[in-house]
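Let me begin by presenting the structure, written as structure tokens, before commenting on it.
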């Protein structure tokens, strides 16, 4: 699995819940450490992943993931594309020769959201950590995101008429 941000974290948890072992490729040390703490096998780069690969879930949309996945997937393997990226050069002959399945996921349904919230609130899956900043510190939040210091989800909070709201 590529990407250990909030979406990748949840995908890894759902795979675990269904009895699958995920190897999460995540270049950011903080995110890697958070996932390793949960018991996931982690790697800092695609080249660090060995062994047979039957499924790649691309939650990162980082350069090189799709070509790497098409080449490395086992015959009849599957690539699930969650992150958006243009792939200017990829050898799609692997799809036909190895009878690969490639599927895109734009976003989950309302039912998917309800399921994840139910699983998270019951403790069956572990949710990514949430770091909050008040609106007046939004620049600090953006700097932390750019530096890769946010392990899970970044949330900006603001107060209006005494009510607190969150924007994610």
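If neighbour count is taken as other Cβ atoms inside 10 Å, put 158, 94 in order from fewest to most.
Lowest to highest Cβ neighbour count: 158, 94.
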* To do: Pull out the extension gain between residue 121 and residue 36, defined as 0.36 nm times the separation in residues minus the alpha carbon to alpha carbon distance; nm, one decimal.
  => 28.4 nm
* From largest to smallest, what semi-axes in whole angstrom does the range 53-168 give when each is the square root of 5 times an eigenvalue of its alpha carbon gyration tensor? -> 36, 19, 12
* Treating the angle as unsigned and between 0 and 90°, give the value, to the nearest 10°, between the Cα long axis of helix 110-122 and the longest Cα principal axis of the chain. => 70 degrees
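What do you get for Rg/Rh of the range 42-103 when both radii come from the Cα atoms and Rh is the Kirkwood radius? Write down the numbers at each step before the final one.
Numbers: Rg = 10.9 Å, Rh = 11.8 Å.
Taking Rh as the inverse mean 1/r over Cα pairs, Rg/Rh reads 0.92.
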* At R0 = 41 Å, FRET efficiency that the Cβ-Cβ distance of residue 71 and residue 110 yields, to 0.05 -> 0.70
* If you average the sequence gap of Cα pairs under 8 Å that are 6 or more apart and divide by the length of the range 22-168, what percent do you get for the contact order? -> 16 percent
* Asked: Pick from 34, 108, 77: which is most flexible by mean-square fluctuation in a GNM of the chain where alpha carbon atoms under 10 Å apart are linked?
  -> 108
* Structure fact -> quick shape note, the range 6-122: Cα extents on principal axes in Å, largest first -> 44, 31, 26
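So if each residue of separation counts as 0.36 nm, and I subtract the Cα-Cα distance between residue 45 and residue 63, what length gain in nm does that give? List each step's numbers first, then the result.
Numbers: separation 18, 0.36 × 18 = 6.48 nm, distance 1.16 nm.
Contour length minus the Cα-Cα distance gives 5.3 nm.
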* Structure fact -> Counting only DSSP beta bridges fully inside the chain, the antiparallel percentage to nearest 5 is 20 percent
* **Degrees between helix 6-17 axis and first principal axis of the chain (Cα, 0 to 90, nearest 10)** => 60 degrees
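Bear in mind that the values in this text are calculations on the coordinates, not laboratory data. The structure presented is a predicted model; accordingly, all values stated were derived computationally and were not measured. Every residue, glycine as well, gets a Cβ built from its backbone with ideal geometry; the counts of neighbours run over all protein chains shown.
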